[in-house]
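Written out below as structure tokens is the structure these notes cover.
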Amino acid sequence: MALHAGKSWVNRILDYFNDSNKNKKHKRFDFSVIGGPHYASDTKFGLGLVAAGLYRTDPNDSILPPSNVSLYGDVSSVGFYMLGVRGNHIAPKGRYRIDYHLYFYSFPSEFWGIGYEMGDNDANKSDMKRWQAQAEVSFLFRVADNFYIGPMASYDYVIGKHIERPELLQGMDRHTWNVGAGVSLVYDNRDNLTNPHRGIYLNINQMFRPRFMGNDYAFSTTAFRFDAYQRLGKGTVLAEDIGANLNFGNPSWGMMAELGGTHSMRGYYEGRYRDKHSLEATVELRQHVWRRNGIVVWVGAGTIFPKFSALRSKQILPNAGVGYRWEFKKNVNVRLDYGFGKSGQSGFLFNINEAF
């Protein structure tokens, strides 16, 4: 009998995951895949697949953070599907870095209109099928320790179909596309890029989408992100995130600043609150619990507005939540979050890497 001659497929799978988070500095490219069913409040039941890779452009440099790439895909019971890739490539000695994110999705979504008052009115909730593709890349040169600057480019294509209440678009086209070019400035001294325990990350992007580049909706975007991380004790990290997305000119409905999603104001339906500008802030406590398991809790707030003179304290939206973390690879976490906000708005989220 050969029943005990080799490992069963169950044991092989267990060995695969037991080995996936070990530090494999001897491997030029460390790549692992995980997938399974999940539930989210907006996409309902689905099947997700995530592949994560870590690699070092100079295996002999133990100080240089590893580069990373993540591929993700998802399909769900409501007809949602998505495919994307994102990553950070760090050159030997950190001379330059390439940050990139490409994705597309089709989603039978919901739309409330433009502006805080429209998004805050439950009666405006209406159906729309949204298809979107986006590509964004920046090529950054190191000009000082941990300080980078360089060009960036983006492409966005948004289609709204089967719109239940087209008047909520305020006369804007259902199909829009934008090409942009700009400059990105980054200061980054984090100990690693995917699950930082200490350090600071500052990113300021200035993107221009002028009419002479073929844009029907011409506007510019100033995006600001500041993250800080401190160790408070064994296995405890305090993380802070402050972000702003400011659009000047004439952005289309699909390119406006939005609250919600997988990275900020978690628990709010992504895009329910949209306008020209957004501000948000989050404080998150991350605690390692046992082996590869951890938990997080966070509190935050955010708002949208058409111009700075229209900022109102009564329109600040609260946010809080809890999450579970499982270390899929070394410093690469699979995360399951439950966030909630104003008037019972809430949602489950499944993703890879920390929210910030």
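Every number in this text was worked out from the coordinates using simple rules, so none of it is lab data. All of these numbers come straight from a predicted model, not from anything done at the bench. Cβ atoms come from the backbone with ideal geometry, glycine included; neighbour counts cover every protein chain shown.
Relative to the longest principal Cα axis of the chain, at what angle does helix 9-20 sit, 0 to 90 degrees, rounded to 10? Its long axis makes an angle of about 80 degrees. Each peptide in 290-302, 344-356, 100-112, 272-284 gets a packing score, the mean of other Cβ atoms within 10 Å over its residues, and the list from highest to lowest is 272-284, 344-356, 100-112, 290-302.
Provide the net charge surrounding Ile242, with neighbours chosen by a C-beta distance below 15 Å and charges set as Lys +1, Arg +1, Asp -1, Glu -1. Charge balance in the 15 Å sphere: -4. Between the listed residues Ala133, Gly115, Gly94, the Cα displaced farthest toward the positive end of the dipole of segment 92-141, a dipole computed from Cβ unit charges relative to the Cα centre, is found at Gly94.
Could you calculate the FRET efficiency of Ala123 with His89 from 1/(1 + (r/R0)^6), where r is the beta carbon distance between them and R0 is 45 Å, rounded to 0.05? Intermediate values should be presented prior to the final figure.
Details: r = 47 Å, r/R0 = 1.05.
Efficiency for this residue pair is about 0.45.
For Asp61 and Glu110, FRET efficiency with R0 = 56 Å and r from the beta-carbon atoms, rounded to 0.05?
Details: r = 48 Å, r/R0 = 0.86.
Computed FRET efficiency for Glu110 and Asp61 comes out at 0.70.
Towards the positive end of the charge dipole of the chain, with charges on Cβ (+1 Lys, Arg; -1 Asp, Glu), say which of Gly160, Asn192, Gly84 has the farthest Cα. Value: Asn192.
Given R₀ = 25 Å, what would the calculated FRET efficiency be for Val33 paired with Val179, taking r from the Cβ atoms and rounding to 0.05?
Values: r = 33 Å, r/R0 = 1.34.
That gives a FRET efficiency of 0.15.
Put in order of Cβ neighbour count within 10 Å, fewest first, the listed residues Trp253, Trp326 become Trp326, Trp253.
Taking a threshold of 26 Å on the Cα-Cα distance, which of the pairs Lys93/Lys330; Lys44/Lys330; Lys129/Lys307; Lys44/Lys342; Lys44/Lys307 fall above it? Please list the in-between numbers first.
On the way: Lys93/Lys330 21 Å; Lys44/Lys330 30 Å; Lys129/Lys307 29 Å; Lys44/Lys342 21 Å; Lys44/Lys307 35 Å.
Distance filter (> 26 Å) returns Lys44/Lys330; Lys129/Lys307; Lys44/Lys307.
Can you tell me the length gained on complete extension of the stretch Ser346 to Tyr155, counting 0.36 nm per residue apart and subtracting the Cα distance? Don't jump to the answer; show the numbers that get you there.
Values: separation 191, 0.36 × 191 = 68.76 nm, distance 3.08 nm.
Residue separation times 0.36 nm, minus the Cα-Cα distance, leaves 65.7 nm.
Could you work out the percent of alpha carbon pairs in the chain separated by over 34 Å, rounded to a whole number? Of all Cα-Cα pairs in the chain, 27 percent lie more than 34 Å apart. Using a cutoff of 8 angstrom between alpha carbon atoms and counting only pairs six or more residues apart, the relative contact order for segment 9-352 works out to 12 percent.
When you filter the GluC sites (Glu not before Pro) in segment 192-272 for DSSP loop state and at most 15 other Cβ atoms inside 10 Å of their Cβ, nothing is left. Debye-formula intensities of segment 206-341, expressed as log10 I(q)/I(0) at q = 0.14, 0.20 Å⁻¹, are -0.72, -1.13 (one equal scatterer per alpha-carbon, no solvent).
Assuming 0.36 nm per residue, please report the length gained on full extension of the stretch Leu232 to Val299 beyond their Cα-Cα distance. Numbers along the way, then the final one.
Values: separation 67, 0.36 × 67 = 24.12 nm, distance 1.75 nm.
Extra length from Leu232 to Val299 when fully extended: 22.4 nm.
Please identify which residues in segment 224-249 have an amide N closer than 17 Å to a label point set 7 Å out from the Cα of Asn189, following the Cα→Cβ vector. Residues 226-231, 240 fall inside that zone.
Computed extension length for Val75-Ile163: 29.5 nm, one decimal, from 0.36 nm per residue of separation with the Cα-Cα distance subtracted.
Backbone N atoms of segment 55-78 closer than 17 Å to the 7 Å Cα→Cβ label point of Leu102 belong to residues 68-74.
Qualifying GluC sites (Glu not before Pro) in segment 127-235, where qualification requires a DSSP coil assignment and no more than 15 other C-beta atoms within 10 Å, comprise Glu164.
For the chain, a simple Cβ point-charge model (Lys and Arg +1, Asp and Glu -1, everything else neutral) yields a dipole of about 1020 debye relative to the Cα centre.
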